[in-house]
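Shown next, in structure tokens, is the structure this report addresses.
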Amino acid sequence: MINHVKVSALAVKQLRKMPFFIVDKFYLWKRSVEDIGLEKVREIPGYHDEKLIGNRRGHRSIRLNKAYRAIYEVSSDGSVTFVRVFEVNKHEY
């Protein structure tokens, strides 16, 4: 079960500039992954967890609302498999 989340320094910096409700939803997602595992959280339709394509191949995103999303990847350091969130941004359509 993947239940460890690492948030990059860039993502933390970006979260400081986000509206509070976006930050709250991000940390709710993070706590959910740590409590019940990434596989179960991916089943929650409100996050719209999806694979990315193009130059983001290998990454996934969750929607924090219609405009904002968090981009993450599943990584391994040899002993622990974890989610590494490296960007939270305003998605341009």
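Since every read-out is calculated from the coordinates, none of them should be taken as a lab result. These figures come from a predicted structure and were not determined experimentally. All Cβ positions, glycine included, derive from the backbone under ideal geometry; neighbour counts span all protein chains shown.
Quick notes on this one:
- Residue count, region 1-34 (criterion: among the β-branched types (Val, Ile, Thr), surrounded by 15 or more Cβ atoms within 10 Å (Cβ to Cβ) and closer than 14 Å to residue 89 by Cα): 3
- From the options 42, 60, residue that is of a type in the set (Lys, Arg) and either in contact with a Ser or Thr (Cβ under 6 Å, 6 or more places away or on another chain) or closer than 16 Å to residue 11 by Cα (or both): 60
- The set of residues from region 1-20 being in a loop (DSSP other than H, G, I, E, B) and farther than 17 Å from residue 67 by Cα comprises 1, 2, 3, 4, 8.
- Residue list for region 35-59, filter: buried (at least 16 other Cβ atoms within 10 Å of the Cβ) and out of contact with any Asp or Glu (no Cβ under 7 Å at 6 or more places or on another chain): 38, 41, 47, 49
- Of all residues in region 51-73, those that are in contact (Cβ under 8 Å) with a residue 12 or more places away in the chain and at positive phi have Cβ atoms under 7 Å from Cβ atoms of residues that are of a type in the set (Asp, Glu) and part of a strand (DSSP E or B), 6 or more apart or on another chain, in 58/73.
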